[in-house]
Amino acid sequence: MPDASNPASNSAPNSAPHPETETAPVLALTDLRSGYGAHDVLNGVALEVRAAEIFALMGKNGMGKSTLLKTVLGLVPARAGDVRRAGVSILGATPAALVASGLGYAPQEQPLFVDLSIRDNLRLALRSDRELPGALERVAAHFPFFLDRLGQKAGTLSGGEQKMLILSRALMLRPRLLLIDEISEGLQPTVVARIAAALRAERDENGTAVLLVEQNLDFALSVADRWAVLKLGAIDDEGDNDAQARDRVLAHLKI
Amino acid sequence: MTLALDMITTAAILFIVASGLLAIFGVLKIINFAHGAWLTVGGYCAVVCAQAGITPWLSLPLAFVVGAALGGLTERFIVRPLYDRPLDAILATWGLGIVVGQLITLGFGRDVQFTESLLPGAVSFAGVDYSLYRLFTLAAALVIGGGFALLLDGTRLGLSARAVIMNEHLARALGLDTAKVRAATFMLGAGLAGLAGALLSPLTSVDPTMGVGWLVGAFMLVMAAGSSFAGLAVACLLFGSAQVIVSTFVSPILGGITVAVLSALVLRIRPKGFSNV
């Protein structure tokens with residue numbers, strides 16, 4: 001029974017963002033530094049991802065793209081700088097807290113529990129099995145073929161199916177921000193097109209923001225609203241996805 | 001027939017002792033060398049119950065709860081701070097085992113103590129009279145093994161534990177609270193060590209070093225089992241049977257080291273042990 005004296009109680013949950021954070025970018029990195037051992041991989045990264053935007057982060061191997069995603073998710077500790085989600089610093093937050101607050105992650109290395117079923121891989125994205133039917137229905141809108149094969153082991157799927165499962169799992173909790181690490185690597189054009197369609201639909205229908213780490217320039221620019229190139233742990237160039245984008249990115253990716 | 005029953009019940013006892021150690025090894029990737037100490041604590045829970053005149057049946061849940069509580073404290077204050085230094089964590093559990101042994105000696109003295117059997121007497125089984133209590137340990141092992149199977153395959157905690165066993169990095173990246181999974185597993189493993197101590201007390205005797213011998217055997221069995229409870233069951237059946245045969249027909253002293261020697265041999269030939277059975 002809603003309390004009539006309190007107008008806030010009538011508003012639906014999740015529909016009213018905090019007034020102070022409404023205009024803040026979904027993700028903002030300032031002078032971010034992190035790395036492994038004595039070595040810094042990120043040397044002061046600054047970038048912003050806004051709501052309902054696909055932001056493509058490109059760069060050659062070893063430039064720090066994956067480390068950047070892991071630092072945002074708290075898997076690698078930041079050494080300096082700040083990471084803000086909707087205006088609030090999330091430095092030091094655990095991956096569990098960040099995932100619960102609306103971060104979805106599609107990792108590149110060892111991304112699936114290959115000995116577990118499709119169903120169990122998807123269940124592990126949720127905190128309660130009660131959410132399973134609804135979440136399954138949601139991701140099946142993009143990739144319906146899972147529904148008849150929920151008992152199949154993830155390791156027996158084809159390469160393209162595995163990538164679709166990784167993306168589906170990241171979408172299970174209806175994230176506000178998706179972190180995607182080189183999902184198009186080694187995929188056939190038909191599968192890349194399905195993944196691109198799913199990302200566009202999440203952006204356009206749910207306002208999901210996507211930070212897309214990619215080496216596949218054609219795929220990245222086919223979905224991105226803005227882009228940046230990471231070089232030696234810092235942003236080398238960035239811009240809108242306009243007529244010059246392709247040439248500018250290519251100039252940075254050349255040896 | 002008696003020999004066959006001895007073989008099966010010995011395997012059951014080994015399984016009871018080693019299952020908690022395997023649970024911790026699977027999830028935390030460390031060997032908890034305080035396992036023997038928690039087992040001894042469980043044995044003394046049975047002694048305390050006997051001295052206080054409480055029914056010995058109560059000593060089983062009591063030993064589990066005491067073991068789990070001590071395990072929770074150990075995980076929080078000794079193992080967790082050494083998360084990034086697994087070798088140091090293993091050494092720390094070894095040291096803790098020594099400390100606990102000394103504290104028990106201080107509290108109860110060095111004397112060997114005996115407890116009443118929960119189920120005295122023998123039953124007629126397949127033409128022979130056999131100790132009812134040893135048959136009870138077989139049932140207990142089946143309950144523990146079945147419990148683990150249900151827990152791992154039928155609950156979210158089990159699914160989370162399997163995820164941590166298979167790929168802890170990925171489990172963390174998906175937002176699983178891996179610290180909670182580790183703590184829960186450590187408490188469960190230590191609780192099972194305590195339960196094993198209380199279960200064993202009527203079969204052996206209780207003294208401050210009772211856990212040490214069991215620890216060595218359980219450690220070798222866990223190494224041979226890989227990270228699988230089915231593997232542990234196979235290892236216990238094979239090596240437990242071998243122990244009974246060697247003890248009966250060769251010498252009880254050689255029988256005592258059979259499990260350790262056979263485990264070492266199996267690992268030399270098959271480094272993954274029985275993990276794929």
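FYI, it's all coordinate maths here, none of it is from the lab. Remember, predicted model here, so these are calculated numbers, not experimental data. Here the Cβ positions follow ideal geometry from the backbone for every residue, glycine too, while neighbour counts run over all protein chains shown.
Observations on the structure shown:
- Over the Cα atoms of the stretch B:1-157, the radius of gyration divided by the Kirkwood radius equals 1.01; this is the Rg/Rh ratio.
- Tensor-based shape of the stretch B:1-94 (alpha-carbon gyration tensor, a/c under 1.5 rounded, otherwise prolate or oblate): oblate
- Scanning residues 5 or more positions from A:Leu178 or on other chains, those with amide H under 5 Å from its amide H are A:Gly104, A:Ala209, A:Val210, A:Leu211, with H placed 1.01 Å from N in the peptide plane.
- Here the 3J(HN,Hα) profile of the stretch A:231-242, calculated from phi with Karplus coefficients 6.51, -1.76 and 1.60 at θ = phi - 60°, is 9, 6, x, 8, 6, 8, 6, 7, x, 6, 7, 10 Hz, Gly and Pro shown as x.
- Across the stretch A:183-255, the fraction of Cα-Cα pairs farther apart than 19 Å, rounded to a whole number, is 38%.
- Whole-number D in µm² s⁻¹ for chain B, Kirkwood Cα-pair radius fed into Stokes-Einstein, 25 °C, 0.890 mPa s: 129
- Per the Kirkwood formula applied to alpha carbons, the protein assembly as shown shows a radius of gyration over Rh ratio, Rg over Rh, of 1.08.
- The average projected area of the stretch B:154-203, computed from the convex hull of its Cα atoms over all directions, is 4.1 nm².
- Size of the stretch A:16-172: Rg and Dmax of its alpha carbons, in Å, are 17.2, 49.
- Relative to the dominant Cα principal axis of chain B, helix B:86-108 is inclined by about 40°.
- Label positions at B:Ala52 and A:Gln188, each projected 7 Å from the Cα along the C-beta direction, are separated by 6.9 nm.
- The amide H of A:Gly44, built 1.01 Å from its N in the peptide plane, has A:Leu32, A:Arg33, A:Ser34 as neighbours under 5 Å, considering only residues 5 or more places off or on other chains.
- Mean projection area, nm², convex hull over Cα of the stretch B:123-246: 9.5
- Long hydrophobic helices in chain A: the complete DSSP H runs spanning 15 Å or more by Cα along their own axis with mean Kyte-Doolittle hydropathy of at least -0.5 are A:159-171, A:189-206.
- The modelled label-to-label distance between B:Ala4 and A:Thr156, using points 7 Å beyond Cα along the C-beta direction, is 3.7 nm.
- Less than 5 angstrom separates the built amide H of A:Leu116 from those of A:Ala154, A:Gly155, all sequence-distant by 5 or more or on a different chain.
- Net charge of the neighbourhood of B:Ala12, taken over other residues with C-beta under 11 Å away and scored Lys/Arg +1, Asp/Glu -1, is 0.
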